[in-house]
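Here's the structure, in structure tokens; my notes come after.
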Amino acid sequence: MNKLIIIFITLGVSSGILAQNAVIPILPKNWSGIVSVTSMGNTYQAKIKQTSKDSVRPFNSFDIPATITILKQDGRHLEFLYRSTNYESRYIGTLSADGKQIQIAYQQGSGSYTLEGDKLSGCGSGRGGKGQFKDWLNTYSTWCEEFTATR
């Protein structure tokens, strides 16, 4: 009697391999837009308004124009220069495998952006700034930004 033997072979594919084969977009170098900041603590504006050492740290908020320049892109790995009228910082980022999210980190905080065509938007938070440790410890902020690529 003839026997029919069927062997099934399953090929496993790691999601990491798929991610490595994804097409990583080359991002435009220059972006311009607006940043909305909400902060509390020992900012320059807060120091002017503060009346006593034990008073509550003032609440501050503002919207200002800002730019992002992508200094370097090595596949999914990014280096940025952020500038606004009152702040400048370099930070790093990692682009998601699908090219739609960017996770960033900078000296005082972190955040994330969503990339949709020529639009880049995101939010994050940070602590402190430049100055004394006590100022850093008692200062914190959140921010949201909206940028458009400029060619």
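The values are calculated or read from the model by the stated rules, or taken from the named source; none is laboratory data. Fair warning: this is a prediction, and the values are worked out from it, not measured in the lab. These area figures cover heavy atoms from the full protein model, side chains too; ligands, DNA and RNA do not enter into them. Shrake-Rupley method; radii C 1.70, N 1.55, O 1.52, S 1.80 Å.
Brief remarks follow.
- Within the full protein context, the accessible area of LYS119 is estimated at about 100 Å² for a probe radius of 1.4 Å.
- Calculated from backbone phi, Karplus (6.51, -1.76, 1.60) coupling profile of the range 70-82 in Hz, x at Gly/Pro: 7, 6, 8, 10, 10, x, 8, 9, 10, 10, 10, 10, 9
- When a 1.4 Å probe is rolled over the protein heavy atoms, the share of accessible surface on the range 60-127 that falls to carbon and sulfur comes to 48 percent.
- Residues in the range 85-132 average 57 Å² of solvent-accessible surface per residue, probe 1.4 Å, ligands and nucleic acids excluded.
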